[in-house]
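Comments concern the structure below.
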Amino acid sequence: MNQDSAHYPPVDPFKTGLAGSCPRCGQGKLFDGLVKVKPRCANCGLDYSFADSGDGPAVFVILIIGFLVVGLALWAEVNFAPPVWLHILLWGPLTIVLSLFLLRTLKGVLIALQFRNNAAEGKLDRD
C-alpha cells in the first residue's frame, strides 16, 4: 500500500470505485464534477496525483456501450422496422447517458485498482 495506508483498513476497490469514493479510506469523494478527479481526499488527505486512468475507461465504454446499443438497434430494426428518426431519438440519448454513467464508474474502479496495486508508469533501470 502507498502513502501511509497502514493506518486505514483495506477497502474493496470495486465498491469504492463504483461509489466514486476515496480508494484509501472509502469515505471521501474521488470526483469533482462528472469525471474530473479531485486534487486530494477531504477525509483522509490522500493526494490523488497518482491517479491516471488514461484512456482505459473510455476504451471499455466504447466497446461495452457500442456492443449493447448496436445490438439493440439491430434487434429493433429486424423486429419492428422503426423509421430512422425513431432510431436517432432512441439510441442517441441512450448512448450518451449510458456512456457518461459508465465512464465515471469505470474510471473510479480503475483508479481504485491502481491505488490498491500500487500501479505506476513503467520505468527502465539503466545501470
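Once the Cα atoms of helix 56-80 and of the chain are each reduced to a long axis, what angle between those two axes, in degrees from 0 to 90 to the nearest 10, is obtained? Once rounded, one gets 20 degrees. So if we plug the beta-carbon distance of Lys29 and Ala119 into 1/(1 + (r/R0)^6) with R0 = 22 Å, what FRET efficiency do we get, rounded to 0.05? In this case the efficiency is close to 0.55. Amide H contacts for Val37 (H built 1.01 Å from N in the peptide plane; partners 5 or more residues away or on another chain; cut-off under 5 Å): Asp32. Gaussian network model of the chain, Cα springs within a sub-10 Å range: biggest mean-square fluctuation belongs to which of Gly20, Gly33, Gly56? Residue with maximal mean-square fluctuation among Gly20, Gly33, Gly56: Gly33.
As a proxy for reagent exposure, ranking Lys123, Lys107, Lys15 by other Cβ atoms within 10 Å from fewest up yields Lys123, Lys15, Lys107. The calculated 222 nm mean residue ellipticity attributable to helices in the chain amounts to -18000 deg cm²/dmol, summing -39500 (n - 2.57) over DSSP H runs of n ≥ 4 and dividing by all residues.
Remark: C-alpha extents of the chain on the principal axes read 60, 40, 21 Å, sorted largest to smallest. Excluding Ser21 itself, what net charge comes from residues whose Cβ is under 9 Å from its Cβ, given Lys and Arg +1 and Asp and Glu -1? Charge balance near Ser21 sits at +2.
Taking 7 Å steps out from each Cα toward its Cβ at Leu100 and Ala6 produces label points 4.4 nm apart.
By the beta-carbon count within 10 Å of each Cβ, the least crowded to most crowded order of Phe101, Phe80, Phe50, fewest first, is Phe80, Phe101, Phe50. Here r is the Cβ-Cβ distance between Val59 and Lys15 and R0 is 25 Å; the resulting FRET efficiency, rounded to 0.05, is 0.65.
No value in this document is a laboratory result; all are computed from the given coordinates. Keep in mind the model is a prediction, meaning the values are calculated, not measured. All Cβ positions, glycine included, derive from the backbone under ideal geometry; neighbour counts span all protein chains shown.
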